[in-house]
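Engineer: Have a look at this one.
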Amino acid sequence: MTTRVLTGITTTGTPHLGNYVGAIRPAIEMSRREGVDAFFFLADYHALVKCDEPARVARSRLEIAATWLACGLDPQRVTFYRQSDIPEIPELTWILTCVAPKGLMNRAHAYKAAVDANATSGEDADAGINMGLYCYPVLMAADILIFNANQVPVGRDQVQHIEMTRDIGQRFNHIYGAAWRGATGRDDDPFMLPEVKIEERVATLPGLDGRKMSKSYDNTVPLFEGGAKAMRDAIARIVTDSKAPGEPKDPDGSSLYAIYRAFANENESAAYRDALLHGLSWGEAKQKLAALIDAELGEAREKYARLMAHPDEIEDVLREGATKARAIATPFMQKLRKTVGLGTLAVTVQRRGFKKPTGKRARLASFRDDEGFRFRLFAADGEELLLSRAFGDPKALGDCTRALLAGDAITAIETLDDTRYALVMQGERIAVSSAYPDTNARDAAIARLHAALDSLRG
Ligand code: TRP
C-alpha cells in the first residue's frame with residue numbers, strides 16, 4: 001500500500017540552513033522511502049497573503065524550486081508543482097469556503113494573533129487584515145483534500161491548519177456524501193481526512209544568536225545563496241563567549257555544537273564535543289563546522305548555481321509536475337462539480353428523456369487493424385488526440401474505454417519526449433499521442449485531451 005504524503009512550501013523567503021535541516025532534508029529522505037507517493041508544491045498563492053512584492057515572490061519561487069531540486073528531489077518520483085499552476089485548487093477553495101464554518105476561521109492562530117496585535121496597539125480589530133489571511137486555512141484545506149493526501153508533514157505551527165482541514169473535509173463529506181455517491185456511483189466519501197505528521201525527531205536549528213534560526217530574527221545561515229563564502233561568513237558570526245584557545249569551552253553554550261550535530265554522526269559529534277571541552281578554539285571549531293556542512297552540501301550548492309542560471313529548466317520540471325498533478329485534480333473536480341450540482345446540463349436533460357444535444361463533442365472511435373482492437377480519441381473539432389495500443393479482443397478494449405470514460409480508474413499523463421505523451425491507466429500505457437512540434441504544442445494538446453475527457457465524462 002502506498003501512502004500519499006503531501007506538503008507545501010510558502011514562497012516568500014530564501015531557504016536557510018534551518019529550513020534544510022528541519023524541512024527539506026527530511027522531506028526528500030521520506031520521498032525516497034518505499035511505499036511513499038510524495039506531493040511537494042510551492043504554495044505561491046499562500047505567499048500572496050503575506051507578501052505584495054511581486055519581485056520577491058517571483059524570486060523566492062525560483063530559489064525554493066532550485067533548492068529542492070539541488071538537494072536531490074527527484075521530479076520523476078515526486079509530484080513537484082506550483083499551486084498556481086493547478087486552477088482546480090482555487091476552484092475547490094471556493095466550494096470549501098461555502099461549507100467552512102466562519103466560527104472555525106475566527107479561531108485560526110494566525111488571524112487571532114493579528115487581531116490581538118491590533119487590540120494591543122489600539123487599532124480597529126481588523127485593521128490591515130486581508131481576506132486571504134482569514135481564509136488561509138481553506139486554501140490549505142483545498143491543497144490537501146484535492147489530492148486525498150494521507151499524511152501531511154508540517155511544523156508545529158501548522159498543526160491547527162491540518163485539524164481545520166479535517167473539520168472542513170468532514171463537514172463536506174457529511175453534507176455532500178450521499179450526493180457524491182449518487183453522482184459517481186462510488187461507495188466512499190468525497191474526501192479522505194489527512195493525518196498530521198509532526199517530525200518530532202527533527203530538532204529546530206538554533207541561529208547565530210542561539211534563538212531558533214528564523215528569517216524573522218535575522219539570525220540565519222544561508223543555505224546556497226551567496227555561495228560557500230556567504231555560509232562561512234555567517235558561521236563566523238555565530239555568537240560564542242570570549243574563552244581563549246586552550247581554555248575548556250561549554251559545547252552547549254553556543255549554537256555551534258547544535259548545528260554541528262545536525263550534520264554529523266554520533267561519533268563525529270562526540271569527538272567535536274570532546275575537542276571543545278579540551279580547549280579547541282572557537283575559530284577552529286567554526287572552520288570544522290563549515291567543512292562538515294560543505295561535505296554534505298558542496299555538490300548541491302554547485303547544482304543550485306547551475307539551476308539558478310537556467311530557470312527555463314526549472315520551469316519545465318514544474319510544468320511537468322503540474323501536468324501530473326492535474327491528471328488527478330481535473331477528473332476529481334469534475335466529479336465534485338457534479339456532486340454539488342454544477343455538472344453539465346446536457347446530462348440532466350438526457351436523464352429526463354430529451355434528445356441528446358447535437359453540438360459536436362469529443363468522441364472515442366473503436367476499430368480493428370492487423371494487430372488487434374484499438375480506439376482513437378478525437379477532440380470536438382475532429383483533431384485526433386490519442387491512438388490506443390492494440391487489445392487482443394473487443395471485450396478488453398471495451399473494459400478499457402469504459403474505465404476511461406467512468407473516470408474512476410487512476411489515469412496519468414506521461415510525457416514520452418518533447419513531442420509526444422502517453423495516457424497511463426492503472427500504471428499501464430494505454431494510448432499515445434501524435435507527435436507535436438515542441439513541448440508547448442505538446443502541453444497544449446495535453447490540455448485539449450483533458451478537456452475532451454471531461455466532456456466525454458460529462
Ligand atoms: N501554510 C504552510 C506553511 O506556511 C504551507 C502550506 C500551504 C502547506 N499549503 C499547505 C503545508 C498544504 C502543508 C500542506 O508552512
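Every number in this text was worked out from the coordinates using simple rules, so none of it is lab data. Just so it is clear, the structure is predicted and the values come from calculations on it, not from any experiment. Because the Cβ atoms are built from the backbone with ideal geometry, glycine has one as well, and the counts that use them run over all protein chains shown.
Engineer: Taking amide H positions as placed in the peptide plane 1.01 Å from N, state which residues far from residue 36 in sequence (5 or more) or on other chains have amide H under 5 Å from it.
Structural biologist: Here the answer is 3, since their amide H atoms fall under 5 Å of that of residue 36.
Engineer: Sticking with this one: May I ask for the net charge around residue 89, where only other residues with Cβ less than 12 Å from the Cβ of residue 89 are counted and Lys, Arg are +1 while Asp, Glu are -1?
Structural biologist: -3
Engineer: Can I ask one more? In whole Hz, what ³J(HN,Hα) sequence does segment 117-128 give by Karplus (6.51, -1.76, 1.60; θ = phi - 60°), x for Gly and Pro?
Structural biologist: Coupling constants for segment 117-128: 4, 4, 4, 4, 8, x, 8, 4, 3, 9, 4, x Hz.
Engineer: Could you work out the Kirkwood radius for segment 154-200, taking every pair of different alpha carbons, averaging 1/r and inverting it, reported in Å?
Structural biologist: Radius from the Kirkwood sum: 11.8 Å.
Engineer: Fewest to most neighbouring Cβ within 10 Å: what's the order for 157, 370?
Structural biologist: Final ranking by Cβ density, sparse to dense: 370, 157.
Engineer: Mind ranking 130-142, 100-112 by how tightly packed they are, going by the mean number of other C-beta atoms within 10 angstrom, highest first?
Structural biologist: 130-142, 100-112
Engineer: Per the helix-only calculation at 222 nm, which mean residue ellipticity applies to the chain, given -39500 (n - 2.57) for every DSSP H run of n ≥ 4 and division by its residues, nearest 500 deg cm²/dmol?
Structural biologist: Value at 222 nm, helices only, nearest 500: -16000 deg cm²/dmol.
Engineer: Let me ask something additional. Semi-axes of the equivalent ellipsoid for segment 226-308, please: Cα gyration tensor eigenvalues, times 5, square-rooted, ordered largest first, whole Å.
Structural biologist: 26, 14, 9
Engineer: Rounding to the nearest 10 and keeping the result within 0 to 90°, find how far the Cα-based axis of helix 282-308 lies from the longest principal axis of the chain.
Structural biologist: 20
Engineer: Here is a follow-up. Extent of the chain along each principal axis, from alpha carbon coordinates, in Å, largest to smallest?
Structural biologist: 91, 59, 39
Engineer: Now for a separate question. If you take the beta carbon distance between residue 127 and residue 371 as r and set R0 to 45 Å, what does 1/(1 + (r/R0)^6) give as a FRET efficiency, to the nearest 0.05?
Structural biologist: The computed FRET efficiency comes out at 0.05.
Engineer: Mind checking which lysines have their Cα closer than 21 Å to the Cα of residue 324? Skip sequence neighbours fewer than 8 apart in that chain.
Structural biologist: Cross-link targets: 335.
Engineer: Cα axis of helix 311-340 to longest principal axis of the chain: angle in degrees, 0 to 90, nearest 10?
Structural biologist: Taking the Cα atoms of the chain, the angle to 311-340 is about 50 degrees.
Engineer: Past the 29 Å Cα-Cα mark, which pairs from 102/215; 215/288; 243/303?
Structural biologist: 102/215; 243/303
Engineer: With +1 on each Lys and Arg Cβ and -1 on each Asp and Glu Cβ, and nothing else charged, work out how big the dipole of the chain is about its Cα centre, in Debye to the nearest 20.
Structural biologist: The dipole magnitude comes to about 1640 debye.
Engineer: Here's a follow-up. When the Karplus curve 6.51 cos²θ - 1.76 cosθ + 1.60 is applied with θ = phi - 60°, which whole-Hz ³J(HN,Hα) does each residue of segment 93-109 get, with x for Gly and Pro?
Structural biologist: 4, 5, 4, 5, 4, 7, 10, 6, x, 4, x, 5, 5, 4, 8, 5, 4
Engineer: Across every pair of different alpha-carbon atoms, what Kirkwood hydrodynamic radius in Å does segment 78-157 reach?
Structural biologist: Roughly 14.3 Å, rounded to one decimal.
Engineer: Now for a different question. Largest first and to the nearest Å, give the Cα extent of segment 1-153 along each principal axis.
Structural biologist: 52, 33, 25
Engineer: Let me ask you something else. Take the Cβ-Cβ distance between residue 425 and residue 295 as r, set R0 to 60 Å, and report the resulting FRET efficiency rounded to the nearest 0.05.
Structural biologist: 0.85
Engineer: Putting +1 on Lys and Arg Cβ atoms and -1 on Asp and Glu Cβ atoms, find which of 447, 380, 145 reaches farthest to the positive end of the dipole of the chain.
Structural biologist: Working it through, the farthest residue towards the positive pole turns out to be 380.
Engineer: With labels modelled as points extended 7 Å from the Cα through the Cβ direction, what inter-label distance (nm, one decimal) is found for residue 363 paired with residue 440?
Structural biologist: 3.3
Engineer: Considering all projection directions equally, how large on average is the shadow of the alpha-carbon convex hull of segment 182-273, in square nanometres?
Structural biologist: The number I arrive at for segment 182-273 is 11.0 nm².
Engineer: A follow-up question, please. Note down the nm distance, to one decimal, between modelled labels 7 Å out along Cα→Cβ at residue 278 and at residue 115.
Structural biologist: 5.9
Engineer: Another question, if that's okay. Relative to the longest principal axis of the chain, what angle (0 to 90°, nearest 10) does the C-alpha long axis of helix 266-277 take?
Structural biologist: The angle comes out at about 30 degrees.
Engineer: Apply the Kirkwood formula to segment 345-457: the hydrodynamic radius equals the inverse of the mean of 1/r over all pairs of different alpha-carbon atoms; give it in Å with one decimal.
Structural biologist: Result for segment 345-457 stands at 14.9 Å.
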